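Below: the structure, in structure tokens.
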Amino acid sequence: MSFQLWWDRKSKIIDTSIEGDEFVATPVFSHLIQTLGEWLGTWIGIVGFGTALLTTIILGDEGSNLSREIGFGFLETGWLFIVLMPIYGFLIIVATRFLAEQFRALASIANNTRKN
């Protein structure tokens, strides 16, 4: 799934790069921020949900100890985190997409005002 996300973003970067634009790196950086956010949000939503679900069912209250031992202390367990992890992932996607759109808007404004 991650590979597909990065592969699709590659073609979008090629499509949005217009020859003759002075500000080219900012839209590319914007796409990088958006793709990283989508990847991280998807990963936290899916892996966090799965980890919280499995460790809550199998280990119960001891699941948080397992998460800390394997280096994923932020992936808490419990019924609350089964619901919260997909919400956290969604919020990460929305926040990084908003930030990326702001960068893209600034680059678009800069490219359009330069031509006039």
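The values are calculated or read from the model by the stated rules, or taken from the named source; none is laboratory data. Since this is a predicted model, take the numbers as computed values, not measurements. Here Cβ is always computed from backbone atoms with ideal geometry, including for glycine, and neighbour counts include all displayed protein chains.
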From Phe90, Phe103, which residue is at pLDDT 80 or above, under 13 Å from the mean Cα position of the chain (by Cα) and part of a helix (DSSP H, G or I)? Phe90
Would you pick out the residues in the stretch 31-77 that are at pLDDT 90 or above and in contact with a Gly (Cβ under 7 Å, 6 or more places away or on another chain)? Gly41, Thr42, Ile44, Gly45
